[in-house]
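Computed from the coordinates by the stated procedures, all read-outs in this text should not be read as laboratory data. These numbers come from a predicted model, not from an experiment. We place every Cβ from the backbone using ideal geometry, glycine too, and count neighbours over all the protein chains shown.
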Amino acid sequence: MLQAHALPAEPASTIVPEKAREGIDVQINGESFHHTGDPQMPLLWYLRDVLRLTGTKYGGEHGENGADLVLVGDTAVSAVTVAMHTLAGKSVTTVEGLAAGDGSLHPLQQAFIDEDAIGCGYCTPGWLIAGVALLRRKPKPDDGDIDQLPNLCRCGCQTRVRRAIKRAAAGKAGQS
Ligand code: FES
C-alpha cells in the first residue's frame, strides 16, 4: 500500500525556473551583449546602430576596402559580411577596444601617430585592426605581408602605414 508523503513545510529551493532565452550572446570589447533582433543582422550595423560604436566604417557591400574590419578572436574579418548569428559565444574587438583599460593606446595606434599615418581617418580603424591581426600572427612582418592587407586608403597613406606597422613590430612606438 502506498504511503502518502507529507509536503515539506518549506519549498526545497527558492530558485525560480526561467525559460531558455532566445537570442545571441556575444562579447564585444570585453563586455557581454545579448542580441535579440534579426539573427541575420550584419555585425557592422549592430556595432554602429545598436551599440553606437561608430569607429568601424562601411567598407563597401562586401567589405572590399577594409574599413569595416574587426577582430573576431585574433582574426580580422569584415563586419558587414558577418551575420550576428555566427557570433554566438565569440569575442569581437573593434577599434574602440584596442586601447588598454586605463586609456593608454595600443602600440600600433601610437605608431600611427608617430608616423603621421592618418589622413582623413576613414580608413584608419580598418588599418589598425588589420595591422593588429597581422602582428599577432607574424610579429615581424615584411613589406610584402603589409602590402597584402586588404585595406585601401584614398589619402595615399599606405607608405606611412607600412612604416607605422614596422615601427610597432620593432617595439619603437612612442620613441623618436
Ligand atoms: S586616411 Fe583618408 S582614406 Fe585613408
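Here the Gaussian network model covers the chain, with springs between Cα atoms less than 10 Å apart; of GLY131, GLY60, GLY101, GLY101 fluctuates the most.
Pulled fully out, how much extra length does the chain show between SER176 and ILE15, if you take 0.36 nm times their separation in residues and subtract their Cα-Cα distance?
Working: separation 161, 0.36 × 161 = 57.96 nm, distance 6.03 nm.
Working it through step by step, the gained length comes to 51.9 nm.
Only helical DSSP H runs with n ≥ 4 go in: add -39500 (n - 2.57) per run for the chain, normalise by residue count and round the 222 nm mean residue ellipticity to 500 deg cm²/dmol.
-6500 deg cm²/dmol
If both residues of a DSSP beta bridge must be in the chain, then about 85% of such bridges are antiparallel. Each other residue within a Cβ distance under 11 Å of LEU47 adds +1 if Lys or Arg and -1 if Asp or Glu, for a net charge of 0. Springs between Cα atoms under 10 Å define the GNM used for the chain, and in it the highest mean-square fluctuation of ALA164, ALA117, ALA20 occurs at ALA20. For the chain, the average shadow cast by the Cα convex hull is 16.3 nm², which is a quarter of the hull's surface. Given +1 at the Cβ of Lys and Arg, -1 at the Cβ of Asp and Glu and no other charges, the dipole of the stretch 38-176 around its Cα centre is 320 debye to the nearest 20. Fully extending the segment from HIS62 to THR75, taken as 0.36 nm per residue of separation minus the present Cα-Cα distance, adds 3.0 nm.
Counted by Cβ distance under 12 Å from CYS157, the other residues give a net charge of +2, where Lys and Arg count +1 and Asp and Glu count -1. A cut-off under 13 angstrom between Cβ atoms defines the neighbours of ASN65, and their net charge, with Lys, Arg +1 and Asp, Glu -1, is -1.
Whole-Hz Karplus values for the stretch 61-70 come out as 4, 10, x, 5, 9, x, 6, 9, 6, 9 Hz, taken residue by residue from phi with 6.51 cos²θ - 1.76 cosθ + 1.60 and θ = phi - 60°; glycine and proline positions read x. The order of the peptides 89-98, 119-128 by mean Cβ neighbours within 10 Å, most packed first, is 119-128, 89-98. Bridging of LYS138 to lysines at a Cα separation below 28 Å is possible for LYS57, LYS90, LYS166, LYS172, once same-chain residues fewer than 8 apart are set aside.
Across the stretch 30-36, rounded Karplus estimates of 3J(HN,Hα) from the backbone phi angles (6.51 cos²θ - 1.76 cosθ + 1.60, θ = phi - 60°) give x, 9, 8, 10, 10, 8, 10 Hz, Gly and Pro being marked x.
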